[in-house]
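For reference, the structure is listed below as structure tokens.
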Amino acid sequence: MTNQVNNPKTREWQAMSRDHHLAPFSDYQQLHEKGPRIVTKADGVYLWDSEGNKILDGMAGLWCVAIGYGREELVQAASKQMRELPFYNTFFQTAHPPVLELAKAIADVAPQGMNHVFFTGSGSEGNDTMLRMVRHYWALKGKPSKKVIISRHNGYHGSTVAGASLGGMKYMHEQGDLPIPGIVHIPQPYWFGEGGDMTPEAFGVWAADQLEKKILEVGEENVAAFIAEPIQGAGGVIIPPDTYWPRIREILAKYDILFVADEVICGFGRTGEWFGSDYLGNKPDLMTIAKGLTSGYVPMGGLIVSDKVFQVINEGGDFNHGFTYSGHPVAAAVGLENLRILRDEKIIERVKAETAPYLQKRLRELADHPLVGEVRGVGMLGAIELAKDKQTRERFPSELGVGMTCRSHCFDNGLIMRAVGDTMIIAPPLVISKAEIDELVEKARKCLDLTARAVL
Ligand code: PLP
């Protein structure tokens, strides 16, 4: 990515990358043509690379650094815990204070009736845990045929075998014979990309009705659960039409299946509420969490389980599942301190009342740009659709790589925006200030101009 390299260390690190490092989701030949940009430090909402460039991180790391970089309290929490008890497992009838205190702290902010937490090392493991738990739940209820999980095309639920199968990313399914049996997908509620001639309202109902159609096709007696992100993140910050979730709730109420909200991105304040489900008024039975739980300072994920599901699991003897790092004490201590900061500094309240409305207003100013077909967003999530024709929503030919061109301009001009095809997405740290939002939007406009010059 880096155009000009002056620091000899940059070249050294890039050589190590080429010779030894297998980065996630990367075309290695492409990556090594120029070498990766090497990020060396961070503070607040900013990153610095090895060439000394300062970059506004419009993606909060990877949707995770909720409280911003450089919070000394988290460093202290980690080092104190490492000194006291760096590791002990939570298998075989043992526990330690941080894991118990974190489980309680999560239950305190989770939606009503969601009081039990199974910890994992990542969001993907959280979804694997979910799959095993919901099948176990139905078996215990005397309905072992209820095994199928319904998910959505272009949803993202992780990169393990189960996570990638639950996700609806075609390019992931193409590698390694996925999805595994017992996971089926329905269309996504992506009006801008797939709504055709329908109004957003009609399309929202149509997309939701695909859930009922699939339940009937598979047979209610075979369906264990429906999983969905409250707002699809990696798919391109897809915010369904207003008609979508009410219809989904009606369908879920009609059939005896579990509802799983994948809150890995939306959880812990991103929508301006503690969880995306709170924002939407949804009542899930299970919720996958990760990312914002520790603000990404250390890896941790989990599954929040409702009283309804717990009661059945609780009666069922051993749940034969767990990870060495389930409830890792250092991660738990960091998570606890992160939640304390979110709570005590009223960060989510400020997002809801002040900074998210400001971000959304300023982002929408970009809708007048000739390259922009739609701007949408909620809370600290935003998407800018690049389109050839605003009216018809016609896209650019994919081989033009307009989104990637825009992303490169952003990087070179001190802003991280991610490109999902030709959808530019942002999810800055929740602590971003209004002045930093101004900087983000101004840089985004400049990069749209530079991109437009290349393609229009
Ligand atoms: N679920 C959602 C909604 C995600 O966005 C992600 C990661 O981006 C995951 C699950 C997987 O989490 P992890 O990468 O921690 O395994």
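What to note about this one:
- Qualifying residue in the range 258-268 (condition: away from the ligand (no atom under 14 Å from the Cβ) and either farther than 28 Å from residue 74 by Cβ or surrounded by 19 or more Cβ atoms within 10 Å (Cβ to Cβ) (or both)): yes
- Of the residues making up the range 219-242, those that are more than 14 Å from the ligand (Cβ to nearest atom), of a type outside the set (Gly, Ala, Ser) and either assigned to a loop (DSSP other than H, G, I, E, B) or surrounded by fewer than 19 Cβ atoms within 10 Å (Cβ to Cβ) (or both) are 220, 221, 222, 239, 240, 241, 242.
- Among residues of the range 149-176 that are over 21 Å from residue 252 (Cβ atoms), those with a beta-carbon under 7 Å from a residue that is of a type in the set (Phe, Trp, Tyr) and within 11 Å of the ligand (Cβ to nearest atom) at least six positions away or on a different chain give the pairs 169/156.
- For beta carbons closer than 9 Å, sequence separation of 6+ or different chains, a first residue in the range 288-301 that is free of Cβ contacts under 8 Å to residues at least 24 places away in the same chain and crowded, with 24+ Cβ neighbours inside 10 Å and a second that is in a helix (DSSP H, G or I) and not aromatic (Phe, Trp, Tyr), there are no qualifying pairs.
- Cβ-Cβ distances below 8 Å connect no pair with a first residue in the range 445-456 that is without any contact (Cβ under 8 Å) to a residue 40 or more places away in the chain and within 11 Å of residue 405 (Cα to Cα), a second residue that is among the β-branched types (Val, Ile, Thr) and surrounded by 17 or more Cβ atoms within 10 Å (Cβ to Cβ), and a separation of six or more residues or different chains.
- Summed over the range 137-181, the residues that are basic (Lys, Arg) and out of contact with any Gly (no Cβ under 9 Å at 6 or more places or on another chain) give a count of 4.
- Being away from the ligand (no atom under 16 Å from the Cβ), out of contact with any Leu (no Cβ under 7 Å at 6 or more places or on another chain) and in contact (Cβ under 8 Å) with a residue 40 or more places away in the chain is a property that holds for residue 82.
- A search for C-beta distances below 6 Å between a residue of the range 310-329 that is at positive phi and any residue that is in a helix (DSSP H, G or I), counting only pairs 6+ apart in sequence or on different chains, returns 327/99.
- Flag if residue 362 is of a type in the set (D, E, K, R) and either part of a helix (DSSP H, G or I) or in contact with a Pro (Cβ under 9 Å, 6 or more places away or on another chain) (or both): yes
- Hits in the range 23-54 (condition: among the small types (Gly, Ala, Ser), in a loop (DSSP other than H, G, I, E, B), surrounded by 12 or more Cβ atoms within 10 Å (Cβ to Cβ) and free of Cβ contacts under 8 Å to residues at least 40 places away in the same chain): 26, 35
- Residue in the range 391-405 that is touching a residue at least 40 places away in the same chain (Cβ under 8 Å) and surrounded by 24 or more Cβ atoms within 10 Å (Cβ to Cβ) present: yes
- Yes/no for residue 376 being of a type in the set (D, E, K, R), part of a helix (DSSP H, G or I) and within 25 Å of the chain's Cα centre (by Cα): no
- Residue within the range 188-205 that is over 21 Å from residue 249 (Cα atoms), within 12 Å of the ligand (Cβ to nearest atom) and of a type outside the set (Phe, Trp, Tyr) present: no
- Subset of the range 192-230 (residues that are more than 23 Å from residue 164 (Cα to Cα) and touching an Asp or Glu at 6+ places or on another chain (Cβ under 6 Å)): 192
- Residues in the range 296-331 that are over 17 Å from residue 115 (Cβ atoms), away from the ligand (no atom under 13 Å from the Cβ) and either part of a loop (DSSP other than H, G, I, E, B) or among the hydrophobic types (A, V, I, L, M, F, W, C) (or both): 297, 316, 317, 318, 320, 321, 322, 324, 326, 328, 330.
Let's see how each residue does on (1) within 17 Å of the chain's Cα centre (by Cα); (2) surrounded by 17 or more Cβ atoms within 10 Å (Cβ to Cβ):
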residue	(1), (2)
102	no, yes
141	no, no
146	no, yes
157	yes, yes
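Bear in mind that the values in this text are calculations on the coordinates, not laboratory data. Since the model is a prediction, treat every value here as computed from it, not as a measurement. Every residue, glycine among them, receives a Cβ derived from its backbone with ideal geometry; neighbour counts consider all protein chains shown.
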